[in-house]
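Asker: One structure, as structure tokens, below. Some questions next.
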Amino acid sequence: MASAQDAAWSAGSAELLRPRARARRLFEGTAAMAQVELRKLRHDNLDIFTRSVQPLLWLFVFGTALEGVRRFGAAGVDYKAFLVPGVMAQAALFISIFFGLAIIWERDAGQLQRLLATPVPRFGIVLGKSSGAGIRALVQALVLLGVVALARIDLVWTVGRVVGALALLVIATGGFACLSMMLAALLKTRERFMGIGQMVAMPLFFASSALYPLAIMPGWLQAVARANPLTYEVHGLRELLLGVGGTEPLWVDFGVCAAFFLVTASLAAKAYPRSIL
């Protein structure tokens, strides 16, 4: 009788420990993949700084050209300052949306097959890889903010707001990177992926409030923009860095971006094994 009770207790303990073991394996797998992405980033410093040129061109060329069009900005906000969150989000979007190219390269080189044979959970692989895009976007955003500070563009330079903006940027970038990994699981050539990635990135960018406020858009485009996660990312960044956001409170922007990240990460984890087929 005692042995039966001991066996039942052991089985119950195993059931309790199993979720903990799975959570620990997920955490360790995610950390291992993130470390791999960090090592790649250390050997690719030049790419970060060359990519920083594009948002600076948008800010100082496009922003200067349209500075006098008051309707494009917000009341009492300089247009270049209004544009900073938009170009920050745009630069991160282009990093993340083409992140799937690395998946196609890993498949062609045979690395993906070896990675999928490891005991690392698929969700951990996706989270760890998406962290690579998030870290790249974070470094690029720090470069952009440094230039903005030197140019004396008026933002809200408090530690809490800047850290919050960078956290929102990383969350949203992770979501778009997971979307890119889903595309990479479906598309088998780099050329096709480049074409589809461009087709996805440009509408996301222009059908958002990155360059202009929602109020000046026609009604149908406002409806599209409100279904675009990039719009909520830009609104959150503007609320944090300028004190001027959308009609929704800040927690809605964080909630939408976090939900987008979790949904795309889950779908990418399911689609990931298809990448080797």
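Read-outs: derived from the displayed coordinates by stated rules, not from any lab. From a predicted model like this one, the values you see are computed outputs, not experimental measurements. Here the Cβ is made from the backbone with ideal geometry for all residues, glycine too, and neighbour counts use every protein chain on show.
Asker: Given q = 0.27, 0.29, 0.31, 0.33 Å⁻¹, what are the Debye log10 I(q)/I(0) values for segment 202-247, with equal point scatterers placed on the Cα positions and solvent ignored?
Answerer: Debye intensities relative to I(0), on a log10 scale: -0.97, -1.08, -1.19, -1.28.
Asker: Using a Förster distance of 41 angstrom, determine the FRET efficiency expected from the C-beta separation of Ala117 and Arg152, and round it to 0.05. Working shown, then result.
Answerer: Values: r = 54 Å, r/R0 = 1.31.
The value I calculate is 0.15.
Asker: Quick one: what are the phi-derived ³J(HN,Hα) couplings along segment 250-262, Karplus 6.51/-1.76/1.60 with θ = phi - 60°, whole Hz, x for glycine and proline?
Answerer: 4, 5, 5, 4, 5, x, 5, 5, 5, 5, 4, 5, 5
Asker: From the gyration tensor of the Cα coordinates in segment 177-277, what semi-axes in whole Å does the equivalent ellipsoid have, largest first, with each one equal to sqrt(5λ)?
Answerer: Working: eigenvalues 169, 55, 20 Å².
After scaling each eigenvalue by five and taking roots: 29, 17, 10 Å.
Asker: If neighbour count is taken as other Cβ atoms inside 10 Å, put Trp105, Trp220 in order from fewest to most. Each step should come with its number before you reach the end.
Answerer: On the way: Trp105 13, Trp220 8.
With the fewest neighbours first, Trp105, Trp220 line up as Trp220, Trp105.
Asker: I'd like the Karplus ³J(HN,Hα) series for segment 138-144: coefficients 6.51, -1.76, 1.60, θ = phi - 60°, whole numbers in Hz, and an x wherever there's a Gly or Pro.
Answerer: So the J values, rounded to whole Hz, are 5, 4, 5, 5, 5, 4, 4.
Asker: For segment 112-215, which chymotrypsin sites (Phe, Trp or Tyr not before Pro) are both in a DSSP coil and crowded by at most 11 other Cβ atoms within 10 Å? Each step should come with its number before you reach the end.
Answerer: Numbers: sites: Phe123, Trp157, Phe176, Phe193, Phe205, Phe206; in loops: Trp157.
Loop-located and lightly packed - Trp157.
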